[in-house]
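The next block holds one structure in the form of structure tokens; read it before the comments.
The values are calculated or read from the model by the stated rules, or taken from the named source; none is laboratory data. The structure displayed is predicted, hence computed values, not measured ones. Quick reminder, even Gly has a Cβ in these numbers, built from the backbone with ideal geometry, and neighbours come from all protein chains shown.
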């Protein structure tokens, strides 16, 4: 009885909730669009060179020439923020694409074919999950060397287990459904069932998870760069800007706070959009 | 219960072995020859060849793995070629700091998260509930290094209440030692409580709709007693798992937090090893942390089975 009440409850709440999410959801989307566009067209924007130093104009407060002031080397903060968005978003978007493609494929195959293959996939994922992600990322970067490419590959690789789990869970329940049985009865091949019947249904939960993964990846990239082990200097990244700004917290706190707020808002925006999409695809999670 | 423990241990052994294999492969297959790192760029090819021979680097990789595994199983994780200290010694010296930090963080996180979760569950749907759930969601988007900067700015720079960096051993000055852990612990706890609160809140809301809670209420039991005795334990299953899963995040968090607040723990050992390219320490610490993490998860699994009989009777 209690379970029945609960399901009626969520069914009644969801549409209202969806409407309530409106402004917040769309502001998040707009923020992502603005950050994404300025990162993509950074070359075309009328901003200073982000690596151009001016030792006479160090840690200047915001002015007409430098809208957000200058950092400890006299470099324009706005330019560094925008070029930093480029680094953060490149890693933040590409790594989950890699993880999502490989992990999604593995998860779907495991959930569809079951048996030994599934056991092997889950076993390997258990091993990958045995390493705290940040520790593994740090260790591999230490050996491979710092570059945006290496960082993207490592973080992409680390994302595989989570995507595998999501894809496998979705495939497991879908593979039992009537439309799959019907397709099989019509003589469809495994490949056709996987691509034409299952993929369109698995895609949405995977995409919602992708957005949450973008948020996590941006945070991890930021943390690595903050420690000086991520995006190699002098190229700006939000994490390294915050790390540099920490040195001058006492007399120029904005140097750390401006990139910090930008990073926070971007991560929050991806979390909000991802969570809203997840709530749409998985009504059971609505209560969380 | 014995069968359950047996099955889990059977599962544990291959995972641990695979962890050693992967740690070894990361260190061996990736570019960057250890002999060059030790000798520097100026080394002659003969010297490098001699050192490679001494270190066994000219052996086939499977032999090297087996030798290394043999050493590891005897507790020999190697010796730093920078400081001469054995890896195990370095880890044991720093472990208490990391454990203290994680304990402070987890306890603070629970102290903030549990009461908030209970209040939110009781008043679910109220303004307080919505504000707290909203802030929890927002806090999940604040990475540890942002929280650290904010706390340092508030408590160390503006109010000058607490030290921004530094460490005093507990034996020398217990109070000073705790003061060193306030900001780092709080930094990590700020990331912990939202997760704990969200999980406990949603489980608690479900529990409070159970018939036996209505029964307890009808019997006239005090609301506090119903909440803390009848509802909290059955609601805390997921909380236990999440606390366990969080240890992985917490370990990642300690890397950053120890670096920021200059606490001499495992995280700082690892980051320092990367800065100085001390690959022996790096390999040893990665293996130690991963193995510790696997064992922690094993213990959480056991704890979960103790709390929930359905799991140990083979339904999971």
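Annotations
- Residue check: residue B:150 meets all listed conditions (1) crowded, with 21+ Cβ neighbours inside 10 Å; (2) without any contact (Cβ under 8 Å) to a residue 24 or more places away in the chain but one, namely (1).
- Evaluated against (1) in a helix (DSSP H, G or I); (2) surrounded by 18 or more Cβ atoms within 10 Å (Cβ to Cβ), residue A:169 falls short on exactly one condition, (2).
- Among the residues examined, residue A:205 does not qualify as more than 9 Å from chain B (Cβ to nearest Cβ), closer than 23 Å to residue A:71 by Cα and under 21 Å from the mean Cα position of the chain (by Cα).
- The residue list B:274, B:280 contains one member that is more than 8 Å from every other protein chain (Cβ to nearest Cβ) and either over 17 Å from the mean Cα position of the chain (by Cα) or not in a helix (DSSP H, G or I) (or both), which is B:280.
- Criterion: part of a loop (DSSP other than H, G, I, E, B), closer than 16 Å to residue B:105 by Cβ and more than 11 Å from chain A (Cβ to nearest Cβ) - qualifying residue of B:162, B:188, B:196: B:162
- Selection of the stretch A:246-268 for residues being over 22 Å from residue A:213 (Cα atoms) and either at the interface with another protein chain (Cβ under 8 Å from one of its Cβ atoms) or surrounded by fewer than 24 Cβ atoms within 10 Å (Cβ to Cβ) (or both) yields A:246, A:247, A:248, A:249, A:250, A:251, A:252, A:253, A:254, A:256, A:257, A:258.
- Residues satisfying the stated conditions in the stretch B:213-256, i.e. more than 24 Å from residue B:198 (Cα to Cα) and crowded, with 16+ Cβ neighbours inside 10 Å: B:216, B:255, B:256
- Any hit, the stretch A:69-88, residues being surrounded by fewer than 19 Cβ atoms within 10 Å (Cβ to Cβ) and either within 11 Å of chain B (Cβ to nearest Cβ) or free of Cβ contacts under 8 Å to residues at least 12 places away in the same chain (or both): no
- Taken as a whole, the stretch B:100-118 holds no residue that is within 14 Å of another protein chain (Cβ to nearest Cβ), over 11 Å from residue B:197 (Cα atoms) and free of Cβ contacts under 8 Å to residues at least 40 places away in the same chain.
- Failed item in (1) at pLDDT 90 or above; (2) more than 12 Å from chain B (Cβ to nearest Cβ), with residue A:176 passing the rest: (1)
- Residue identified as in a helix (DSSP H, G or I) and within 14 Å of chain B (Cβ to nearest Cβ) among A:99, A:123: A:123
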